[in-house]
1. For a distance above 18 Å, tell me the whole-number percent of Cα pairs in region 39-149 that qualify.
2. Find which of Leu147, His126, Gly52 sits farthest along the positive direction of the dipole of the chain, computed with +1 on the beta-carbon of Lys and Arg, -1 on that of Asp and Glu, about the Cα centre.
3. What share of all Cα pairs of the chain, in percent, falls into each consecutive 20 Å distance bin?
4. Take every Cα pair under 8 Å in region 62-202 that's 6+ residues apart, average their separations, divide by the length, and report that relative contact order as a whole percent.
5. Along the charge dipole of the chain, Cβ charges K/R +1 and D/E -1, which of Ser201, Leu66, Ile343 sits furthest on the positive end?
6. Please say if region 214-353 is rounded, prolate or oblate, where rounded means a/c under 1.5 for a ≥ b ≥ c the square roots of the C-alpha gyration tensor eigenvalues, and otherwise the choice is prolate for a/b larger than b/c and oblate otherwise?
7. Which whole-number percentage describes the relative contact order of the chain, with Cα contacts under 8 Å and a sequence gap of 6 or more?
8. If you average 1/r over every pair of different alpha-carbon atoms in region 280-353 and take one over that average, what Kirkwood value in Å do you get?
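Values in this text are rule-based calculations from the coordinates and carry no lab data. Here the structure is a predicted model, which means the values were calculated and not measured. Every residue, glycine as well, gets a Cβ built from its backbone with ideal geometry; the counts of neighbours run over all protein chains shown.
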Amino acid sequence: MTNEFAIPRSVEWKETHIRILNQQKLPDVTEYADLETKEDVFDAIVTLKVRGAPAIGITAAFGLALAAKSFETRDLSDFRRQLADVKAYLNSSRPTAVNLAWALDRLTDSIRNAISINEAKTTLVHEAIQIQVEDEETCRMIGQNALHLFKKGDQIMTICNAGSIATSRYGTALAPFYLAKQKDLGLHIYACETRPVLQGSRLTAWELMQGGIDVTLITDSMAAHTMKEKQISAVIVGADRIAKNGDTANKIGTYGLAILANAFQIPFFVAAPLSTFDLQIENGDQIPIEERDPDEVRQISGIRTAPEDVPVFNPAFDITPGSLISGIITEKGIVTGSYTEEIEQLFADCQLS
């Protein structure tokens, strides 16, 4: 792929620490931060130094494995108790993205049959690395499946950053654009800025430009006009959690785009790995919505743009009903139609394969 490898890795395992691309500093500075403790990992997730549901899961998995390496106990039961405490701590860093809990659960499940502390520590590291390796292939397959939905010259809209720096590589919603670049399909992307912390303008625009992909930035309030004037062919977004009925939590503003797409009769697609589905919840009403620091709305890059004490409502995510989603693109194919039945069947097929 011509320019895709110019994009930095979001998370790297370094044996004694975790190295992350500090997404707080983009687009002005490409800076890496080293995480050496569980507190470092917690802070990096909460403060959005690392973000994107898959990347959060990968970072948390490495964080749990890193913390376990420092346990000095010789008792395996005590080791498991300490591990459970760190797992609960890291799991509390962000409540909406299900990949966080999924990755931590997978790590603790991996040592269920461990008979020594050394075996457990080694297994945890290997499992975290495997999660990252699998995520790269998963994202590539999501991109491959999504690519069939678009044709040369399509104008496509997205919001937030569901790209390479939000995952192990390629991304979810942005994955087809990297594959399209390789095939010279000439897709053009309109990226919404994504208020209040501007993941679209700071991250998506930066990332796609790094990859040599045709992107135009718009403010969130320009979405309806842009759909009309630029003949938008489709909207594609990522996801932080998908309920059993297809209701999808994604970055705040996604629901509004889905309503607009429906009004203009434009297909609205969600791209996400199977690890983002939460089959324990029936619908979007059961998805916890994180509310963040009011100063994210009162300020931009530390500069106050609103009265200092004005009350703020700052939900980080919203819920798009499955009824507004044209298709959910996964590594195992595209789910459409009656999501409750189709999602259940998708997971049943995956268990059989």
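1. When every Cα pair of region 39-149 is considered, 49 percent fall beyond 18 Å.
2. Toward the positive end, the furthest listed residue is Leu147.
3. Result returned by the calculation: 31, 58, 10, 0.
4. Normalised by residue count, the contact order of region 62-202 is 19 percent.
5. Towards the positive end, the residue furthest out is Ser201.
6. Oblate, since a/c reaches 1.5 and b/c is not below a/b.
7. Contact order relative to length: 16 percent.
8. So the Kirkwood estimate lands at 15.8 Å.
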